[in-house]
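Okay, structure first, notes after.
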Amino acid sequence: MKESPNKRFSIKQYLIVASMIFALFFGAGNLIFPLYLGQLAGKNWLLAAIGFLTTGVALPLLALLAIAVTRSNGMYDLALPLGKKFALIFMTLIHLTIGPFFATPRTATVSYTVGVAPLLPREYRNLGLIIFTVVFFILVYVLAFNQNDILSSLGKILNPIFLVALFLVFVIAFVRPMGNPNLMPVANNYTSGALMNGFLEGYNTMDALAGLAFGIAVVSAIRSMGIKQENEIAKVTAKSGIIGIAAIGVIYLLLIIMGAMSLGKFSPSTDGGTAFSQIVRYYAGTFGQAFLAFLIVLTCFTTAVGLVAAFAEDFHQHFPIFSYHVWLTIASVVACLVGTCGLDQIIKWSKPMLMFLYPLVIVLIVLSLLSPYIKKDPLVYQVTISLTLIPSIFDLVNSLPAPLNQTAFVIKMDLVRSQFLPLAGLGLSWVVPALLGLGIGIILHILQKKNKLL
């Protein structure tokens, strides 16, 4: 029997949805970025943390709210006011980013960097990465092919164990600190730009993209629990989201502080995976590091299965020329090939795409939250996104890694960007054009509305 649409949510139900949101956003791979940020920020860890929590915590919550407020069935519906072609391209780019190009291969490289590489002689680590990644994605493919829910059930057991183990690491790290985080050295970029660099580092979590991609799962779960009215769904999403994402925020903050404290014993690492391995080995020895690494490998594995399956399902739905299993094969093979490049390379090459996508995602989330007032007016969407798109392309080009960033074309683009786009030096060249586009769009919307009334 269906429950009343006016049913009140109990505290237990809020916690159930909050735990779902926590599981949706927090993966073992998310450990590495706040740790690395802490090592770079040193004594400026608080400012860096504020920036990081803005894009790594607040923005994913707003993404969930955008799905709920607009009554969308996903990011394709969210982008539909911009036209079907744009919505399809936008959805494809998001899925490729959180799928086989970056987030999915990252699950294998984080597992390897934290769990396996420290146990191998340095000269065998490149070969070990290739072997590990191939075996990892063969197993991922097999389990996703059969759409077996055993791993999902296993994840419900492994994740709490992993969080308990992580909590113990926190307790030990703060009882026996490696150093005072407020006295640690600061990397050059974080001397005066800790806040903005923390903001941009939060892009690496990709959680805002995940919020658009999987937010419908949260909304559907709330509907299945008896809440039918859209404004109530938005309220439940907000309250549950605050609980679930606040928990992630606490973990991020502790990791940032722990990363800063680790400078008392270690030099800054090239990636957070190495930093995490060093810290755990310091406090728990080889056995403790091996145990936590084992849990990370398994939790990353369950995440990878979910990511390739979600990619295959969505691409089969929107591009039915291929079956689910063909898309699954493509996703697994591409993720495997990218994964063999290593964690450091994946992070470097993901940065340009994130610098391009995140401004569009942020603006689309804002427009979605304003949709009850602008009535999803395509004109407002088109003007705002068009003016955001231009600096986003410049930011993409500017973020290209070596040796591409040394080419004449990129140098020229960066010169134009720094001369004509405000806040370009902070990595926020899109902000002023986006605000300008939003203002123009709203004015045109009001004028259009008045003309219709005359």
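Shape class of segment 282-374 from the alpha-carbon gyration tensor: oblate, with a/c at 1.5 or above and b/c at least as large as a/b. Within a straight-line Cα-Cα reach of under 20 Å, K43 can be paired with the following lysines, leaving aside sequence neighbours fewer than 8 residues apart in one chain: K265. Among (i) 164; (ii) 202; (iii) 123, find the value of volume of the Cα convex hull per residue in Å³ that was calculated from the structure presented, and write down its label. The value matching this structure is (i). The charge dipole of the chain, taken about its Cα centre with unit charges on the Cβ atoms of Lys, Arg (+1), Asp and Glu (-1) only, comes to about 860 debye.
Relative contact order for the chain: 30 percent, from Cα pairs under 8 Å spaced at least 6 residues apart, divided by residue count. Straight-line cross-link partners of K351 among the lysines, defined as a Cα under 23 Å from its Cα and at least 8 positions apart when in the same chain: K412. Measuring against 25 Å, Cα to Cα, the residue pairs K235/K452; K228/K449; K375/K450 contain K235/K452; K228/K449 as the ones spanning a longer distance. The alpha carbon centroids of segment 349-380 and segment 294-330 are separated by 26 Å.
Extension gain for K239 to F287 (0.36 nm times residue separation, less C-alpha to C-alpha distance): 13.3 nm. For segment 395-405, take each phi angle, set θ = phi - 60°, evaluate the Karplus expression 6.51 cos²θ - 1.76 cosθ + 1.60, and give the result in whole Hz per residue in order, putting x for glycine and proline. So the Karplus estimates, Gly and Pro as x, are 5, 4, 4, 5, 8, 4, x, 5, x, 4, 6 Hz. Residue by residue, segment 361-370 carries 3J(HN,Hα) couplings of 5, 4, 5, 5, 5, 4, 4, 5, 5, 8 Hz when phi is fed to the Karplus relation 6.51 cos²θ - 1.76 cosθ + 1.60 (θ = phi - 60°); x denotes Gly or Pro. Indicate the gyration tensor shape class of segment 240-343 (rounded, prolate or oblate), computed on the Cα atoms with a ≥ b ≥ c the square roots of the eigenvalues: a/c under 1.5 is rounded; otherwise a/b larger than b/c is prolate and the rest oblate. Prolate is the answer for segment 240-343, as a/c is 1.5 or above and a/b outweighs b/c. Computed from backbone phi with θ = phi - 60° and the Karplus coefficients 6.51, -1.76 and 1.60, the 3J(HN,Hα) list for segment 385-392 is 5, 4, 6, 7, 4, 4, x, 5 Hz; x is used for glycine and proline.
Is the shape of segment 117-233 rounded, prolate or oblate, going by the alpha carbon gyration tensor and its root eigenvalues a ≥ b ≥ c, with a/c under 1.5 for rounded and a/b larger than b/c for prolate? Oblate is the answer for segment 117-233, as a/c is 1.5 or above yet b/c matches or exceeds a/b.
Any read-out appearing in this document is the output of simple, stated calculations on the displayed coordinates, not a laboratory observation. Quantities reported herein were computed from a predicted structural model and do not represent experimental measurements. When we count neighbours, we look across all protein chains shown, and the Cβ atoms used for this are built from the backbone with ideal geometry, even at glycine.
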